[in-house]
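Report on one structure; see the data block that follows.
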Amino acid sequence: MDIDTVDLRVAIGGLALQNPVMTASGTFGYGEEFSPYVNLHRLGAIIVKGISLQPRKGNPPPRIVETPCGMLNSIGLENVGLDTFISDKLPFLLETRTKVIVNILGDCVEEYAELAQKLSDHKGIGAIEINISCPNVKKGGVAFGTDHKMAAEVTAKVRKATSLPLIVKLSPNVTDIALIAKAVEEAGCDAISLINTLLGMAIDIQSRTPKLRNVVGGLSGPAIKPVALRMVWQVAQCVNVPVIGIGGISSAADAIEFLIAGASAIQIGTANFINPQITEQIITGIKNYLQEHEIDSVRKIIGSLKV
């Protein structure tokens with residue numbers, strides 16, 4: 001089989017992608033930062049750094065710590081804010097042939113809905129991804145994604161505010177991931193992405209102080225891949241919307257595992273910091289795998305796990 005005949009196209013809700021490789025929010029800036037290293041036109045989608053209504057400075061440093069097989073971060077959702085994103089960042093993204101997905105975040109349900117509504121007014125945005133790992137200030141700081149009722153509420157509000165394809169990004173810091181997934185599906189999302197980072201911490205034993213100024217942070221990288229893979233497989237069994245796999249993917253083999261487990265697409269996160277060209281290499285690697293196994297479409301391996 002000729003590698004050029006391999007079909008990598010997938011669909012996420014109403015969004016058609018040229019291949020299943022996307023960038024994970026918070027690890028690829030606003031796209032332009034990686035343009036010297038990656039042919040952005042080749043990617044399935046670029047998911048930008050999470051956007052809030054107003055600019056955020058984030059947490060004070062130190063806010064990144066390397067860990068065995070991973071990284072802890074407590075960036076604090078630093079971003080330029082909606083207005084600056086639209087005026088300064090979006091024009092560059094719209095020049096690429098790659099689909100643009102905007103990750104949004106807020107402190108209350110109303111902020112999510114307002115962001116979605118305002119973004120819907122701009123042509124060229126392919127979909128919205130909701131970060132529900134954020135704390136709900138009206139509920140005492142409890143993260144939206146740890147309570148199925150709050151997760152459903154914010155999803156439903158955003159659904160009413162936009163006609164764009166809606167992806168909900170789930171937190172792994174819950175007892176029952178399937179319960180949250182089914183709740184957001186019933187509330188109207190078009191796809192589910194998982195997982196966000198796992199909570200962790202690191203300590204400097206010389207000073208006996210936390211290595212992160214914020215004490216705890218989000219663990220990402222290869223260390224979390226087995227947990228992410230299990231959760232993707234679990235969620236893919238219980239929902240009817242497409243699932244997007246995230247968590248420790250750093251090779252084509254990793255990506256293919258997630259596809260076999262039931263993911264319709266994958267996102268590359270921490271690996272971008274180690275190898276800025278990893279997204280393109282994974283696209284090529286998936287094509288090589290399909291060609292070697294004489295499979296003409298990537299869609300034929302999605303959810304093909306034999307148990």
- [ ] May I ask you to list the residues in segment 64-98 that are under 25 Å from residue 204 (Cα atoms), more than 20 Å from the chain's Cα centre (by Cα) and assigned to a loop (DSSP other than H, G, I, E, B)?
- [x] 68
Open item on the list: For residue 189, only one of the following conditions fails: (1) in a loop (DSSP other than H, G, I, E, B); (2) within 18 Å of residue 27 (Cα to Cα); (3) touching a strand residue (DSSP E or B) at 6+ places or on another chain (Cβ under 6 Å). What is its number?
Closed with: (2)
Open item on the list: Looking at segment 213-225, can you tell me whether even one residue there is under 17 Å from the mean Cα position of the chain (by Cα), hydroxyl-bearing (Ser, Thr, Tyr), more than 16 Å from residue 22 (Cα to Cα) and modelled with pLDDT of 95 or more?
Closed with: yes
Open item on the list: Whether any residue in segment 212-226 is touching a Gly at 6+ places or on another chain (Cβ under 7 Å), of a type in the set (A, V, I, L, M) and part of a loop (DSSP other than H, G, I, E, B) is what I want to check.
Closed with: no
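Going through segment 1-17 one residue at a time, which ones are within 20 Å of residue 284 (Cβ to Cβ) and either aliphatic (A, V, I, L, M) or without any contact (Cβ under 8 Å) to a residue 40 or more places away in the chain (or both)? First the steps, then the outcome.
Of the residues in segment 1-17, the ones within 20 Å of residue 284 (Cβ to Cβ) are 1-10, 17.
Residues satisfying the conditions are 1, 3, 4, 6, 8, 10, 17.
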Open item on the list: Can you find, within segment 168-182, the residue that is surrounded by the most Cβ atoms within 10 Å (Cβ to Cβ) among those that are over 11 Å from residue 132 (Cβ atoms) and among the β-branched types (Val, Ile, Thr)?
Closed with: 177
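Right, residue 9: surrounded by fewer than 18 Cβ atoms within 10 Å (Cβ to Cβ) and within 16 Å of residue 276 (Cα to Cα) or not?
Details: surrounded by fewer than 18 Cβ atoms within 10 Å (Cβ to Cβ): yes; within 16 Å of residue 276 (Cα to Cα): no.
No: the conditions fail for residue 9.
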TODO: Pull up segment 250-293, narrow it to residues that are over 19 Å from the mean Cα position of the chain (by Cα) and among the charged types (D, E, K, R), then point me to the one that is nearest to residue 47 (Cα to Cα).
DONE: 287
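For (1) surrounded by fewer than 18 Cβ atoms within 10 Å (Cβ to Cβ); (2) in contact with a helix residue (DSSP H, G or I) (Cβ under 7 Å, 6 or more places away or on another chain); (3) not polar (S, T, N, Q), each residue gets a yes or a no:
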| site | (1), (2), (3) |
| --- | --- |
| 103 | no, no, no |
| 114 | no, no, yes |
| 126 | no, no, yes |
| 134 | no, yes, yes |
| 148 | no, yes, yes |
| 152 | no, yes, yes |
| 159 | no, no, yes |
Task: segment 18-32: number of residues that are at negative phi and either free of Cβ contacts under 8 Å to residues at least 24 places away in the same chain or not in a loop (DSSP other than H, G, I, E, B) (or both) - done: 4
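Given the options 243, 227, 239, name the one that is hydrophobic (A, V, I, L, M, F, W, C), touching a residue at least 40 places away in the same chain (Cβ under 8 Å) and farther than 30 Å from residue 120 by Cβ.
Values: 243 fails: farther than 30 Å from residue 120 by Cβ; 239 fails: farther than 30 Å from residue 120 by Cβ.
Of 243, 227, 239, the one residue that is hydrophobic (A, V, I, L, M, F, W, C), touching a residue at least 40 places away in the same chain (Cβ under 8 Å) and farther than 30 Å from residue 120 by Cβ is 227.
I'd like the full set of residues that are small (Gly, Ala, Ser) and under 25 Å from residue 178 (Cβ atoms), limited to segment 205-247.
Filtering segment 205-247 for residues small (Gly, Ala, Ser) gives 207, 217-218, 220-221, 223, 228, 236, 245, 247.
218, 220, 221, 223, 228, 236, 245, 247, listed by residue number.
From the residues in segment 206-222 that are in contact (Cβ under 8 Å) with a residue 12 or more places away in the chain and β-branched (Val, Ile, Thr), which one is nearest to residue 270 (Cα to Cα)? Steps first, please.
Keep residues of segment 206-222 that are in contact (Cβ under 8 Å) with a residue 12 or more places away in the chain, which gives 211-222.
If we keep only those that are β-branched (Val, Ile, Thr) too, we end up with 215-216.
Numbers: 215: 20, 216: 18 Å.
Among those that are in contact (Cβ under 8 Å) with a residue 12 or more places away in the chain and β-branched (Val, Ile, Thr), it is 216.
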- [ ] Within segment 196-218, identify whether any single residue is crowded, with 20+ Cβ neighbours inside 10 Å and in contact with a helix residue (DSSP H, G or I) (Cβ under 8 Å, 6 or more places away or on another chain), and answer yes or no.
- [x] yes
- [ ] Return yes when residue 181 is closer than 25 Å to residue 236 by Cα, under 16 Å from the mean Cα position of the chain (by Cα) and in a helix (DSSP H, G or I) and no when it is not.
- [x] yes
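The values are calculated or read from the model by the stated rules, or taken from the named source; none is laboratory data. Since the model is a prediction, treat every value here as computed from it, not as a measurement. In this analysis, Cβ positions are derived from the backbone assuming ideal geometry, glycine residues included, and neighbour counts consider all displayed protein chains.
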